[in-house]
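Written out below as structure tokens is the structure these notes cover.
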Amino acid sequence: MTLDLRRIFATDNSVLDIDGSLDMSDVDIYYGFPLKKPVKYHGTVSNSSSMVNLNLQIDFEVCAPCDRCGVLASECHSVTIDKSLAASLQRQESDTIIVVPDMRLEVDELVYSEVILNLPTKHLCKEDCKGLCQKCGKNLNEGKCGCDSSEPDPRFEKLRELLNN
Ligand SMILES: [Zn+2]
Ligand SMILES: [Zn+2]
């Protein structure tokens, strides 16, 4: 979606609603195609006292195997963008300003890069996922497996031998 913002820049107290979605299902990152559902975004571009601001909320769902237990899990995430738009940059570069030289905003490009930047580096089925048993591979969220999780320490083995004699 390309927004033509010439009217907004020219008109004080004008507002333009943004509402759309973006297919990012072909994004193959970390754990293979996690954005199965379309990314949704909504917000406004508004001119108040000749300051043009962009407010945008982006909602996306990561659907991928849990980092610990490998079970497929979905989690929703939101990113909020709150920036000024300017036709040219008066002062130094600023990350609170998006420059739109021809007063057009490529919303899809913006949404795409914000989602990529904000993809979680950690994806768990639940915060306290117990993961898999290192020995038998059982999913420990479903219960204990009966493996002895305490590795014998060779220093204590000697002690145990002495105590047993
Ligand atoms: Zn898990
Ligand atoms: Zn086990």
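Just so you know, all these numbers are worked out from the coordinates, no wet-lab data involved. Keep in mind that this is a model prediction, so the values were computed, not measured. Every residue, glycine as well, gets a Cβ built from its backbone with ideal geometry; the counts of neighbours run over all protein chains shown.
Give me Rg over Rh for region 2-129, both radii from the alpha carbons and Rh done the Kirkwood way, two decimal places.
A ratio of 1.08.
Please give the residues of region 51-78, grouped as numeric ranges, whose backbone N is less than 19 Å from a label point set 7 Å along the Cα-to-Cβ vector of ASN118.
Counting only backbone N, you get 53-64, 74-78.
Return the loop-located GluC sites (Glu not before Pro) in region 64-146 (DSSP other than H, G, I, E, B) with at most 13 other Cβ atoms within 10 Å of their own Cβ; answer none if there are none.
Working: sites: GLU75, GLU93, GLU106, GLU109, GLU114, GLU127, GLU142; in loops: GLU93, GLU127.
Sparse-neighbourhood loop GluC sites (Glu not before Pro): GLU93, GLU127.
Tally Lys/Arg at +1 and Asp/Glu at -1 over every other residue whose Cβ is under 10 Å from the Cβ of LEU140; what's the total?
+3
Under 5 Å between amide hydrogens, which residues at least 5 positions from ASP67 or on another chain qualify, with H placed 1.01 Å from N in the peptide plane?
So ASP67 has HN proximity to HIS123, LEU124, CYS125.
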